[in-house]
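One structure is given below, encoded as structure tokens.
The values are calculated or read from the model by the stated rules, or taken from the named source; none is laboratory data. What you see is a predicted model; the values in this text were computed from it and never measured. Please note: Cβ atoms are built from the backbone with ideal geometry, for glycine as well, and neighbour counts cover all protein chains shown. In case anyone asks, the SASA skips ligands and DNA or RNA and just uses the protein heavy atoms, side chains included. Shrake-Rupley method; radii C 1.70, N 1.55, O 1.52, S 1.80 Å.
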Amino acid sequence: MRIKKISIAGCALSIFLLVGCRVEDPLVRQSMDELAPDDITYPSPTDTISYRSSPTRLLDVYPAQGDNPSRIAVLYAHGGGWVENDRTEAATNRIFRHLLEEGYVGFSIDYTLARELGVSGAPDDCAGTESPFPDNLHDLQWAIGWANQPVNKALYKYDRVVVVGESAGGFLAGLAAVKSDQRPAGMPTAYVIRPDAAVTLVAPMHMKTWGSQGDGGADGFANWVVAFTNYIHEKLGGTGDYNPLQCLYGWQYTTTNSVPLATREAATASEYVDAGDPPIYMVSGTDDMLALSEHNADLLEQEYANKGFNGRAWNDRAEGGFHNAGRLNTNAVVLRLFLNKLANGDFD
């Protein structure tokens, strides 16, 4: 990210005067890469719990570290292209670990992933998969409802719930923030599915045009699919072809426009912005082909501005780098400011 001469206070003030806040670098900044290097031992979960009536819908509990508990719980949704990873990914996630060190209670969840038709287990590619959406979103909403139960707040000693997601999990976290008035079927009426805040890391968010954005050239869509496939291979292994539209929406969709508009709108956060949304902190990359700022977080930020709502969208644009680089360039100084304001009740 570029270092510009703008104070944190200026950005913090604008959150109440303007609708969005394009996060600029303060004079003093630290990246998550600097704060949480790979060579530090990560904590282990102390418990594993079912957050809904399914033996496969589990969350791991991580106690807050240090002597200064924040009274905030972080509910983490992992990345992995809707195809792979599970709740144990949090154990090596630098941002999650940093938040534990800052005094946050941590929960990391499993959620529905793409599966081969009629077969359990991770697919070799996404050319023959069932769609995990919206079941994956409903899983996260159930987990938020579980975390908001008074008995769990008392047991684990927190008052507020922040949903944090990276990449595919960030897509879910953003949707959960704006769709907190849409309850999954069968959920108890006592469950509150509105988080107190959301943090999305390098997340695709504007799914009406996602994929057709490509790189702006004639081969944009094909290059985008190649980039996603390479990302999955690097992160997860395998040799198959991973068209992300198929990983999210199912095997029958091969181009953006082949996905019904209503389905794409149901997965687009800006379609559901309203005054009741919790504050949201977005980390987005300017060179991230899988979730370019200008086509994703920037558009959600602009939608808050267009509707004239109270300034709840903080957009931390990480310049340069590909998909993973964005989250490691997260401006920890401003993220800490955002979460401190939440803890102090400034967004209430």
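For the reader, a short list of remarks on this structure follows.
- Most tightly packed first, judged by the mean number of other beta-carbon atoms within 10 Å of their residues, the peptides 231-241, 98-108 read 98-108, 231-241.
- Considering only LEU245, ALA266, ASN331, the residue lying farthest towards the positive end of the dipole of the range 221-348 is ASN331, judged by Cα position with unit charges set on Cβ.
- Counting only Cβ charges, +1 for Lys and Arg and -1 for Asp and Glu, the dipole size of the chain around its Cα centre is about 980 debye.
- Cβ crowding within 10 Å averaged over residues, with 83-92, 132-141, 183-192 ranked highest first: 132-141, 83-92, 183-192
- Sites THR209 and ASP348, calculated FRET efficiency, Cβ-Cβ separation with R0 41 Å, nearest 0.05: 0.75
- A simple packing score, the average count of other Cβ atoms within 10 Å per residue, orders the peptides 263-270, 295-302, 60-67 as 295-302, 263-270, 60-67, with the highest score first.
- Over the range 219-348 - Rg/Rh using Cα atoms and the Kirkwood inverse-distance radius: 1.01
- With every protein chain in place, the chain: carbon and sulfur % of accessible area (1.4 Å): 50
- Full extension of the chain between GLN182 and GLN302 yields a length gain of 40.9 nm, computed as 0.36 nm times the residue separation minus the alpha carbon distance.
- Net +/- balance of residues flanking TYR249 in space, Cβ distance below 11 Å, scoring K and R +1, D and E -1: 0
- Modelled FRET efficiency - R0 30 Å, ASP47 with ASP124, Cβ distances, 0.05 increments: 0.35
- Listed residue (CYS21, ALA127, ASN152) projecting farthest to the positive dipole end of the chain, Cβ model: ASN152
- Translational diffusion of the range 35-116, µm² s⁻¹ [Kirkwood Rh, Cα pairs; Stokes-Einstein; 37 °C; 0.692 mPa s]: 247
- Taking amide H as placed 1.01 Å from N in the peptide plane, MET282 has its amide H under 5 Å from the amide H of THR200, TRP314, ASN315, ASP316, each at least 5 places away in sequence or on another chain.
- Taking label points 7 Å from Cα along the Cα-to-Cβ direction, LEU261 and ALA91 give a separation of 4.7 nm.
- DSSP bridge orientation in the chain - percent antiparallel, rounded to nearest 5: 25
- Spin-label pair SER54/VAL151, simplified geometry with 7 Å Cα→Cβ offset, distance in nm: 2.1
- LYS153 sits with roughly 50 Å² accessible to a 1.4 Å probe, with DNA, RNA and ligands left out of the calculation.
- From the C-alpha gyration tensor of the range 219-283, square roots of 5λ in Å: 27, 17, 10
- Cα-based shape type of the chain, given that a ≥ b ≥ c are square roots of the gyration tensor eigenvalues and the cut on a/c is 1.5: rounded
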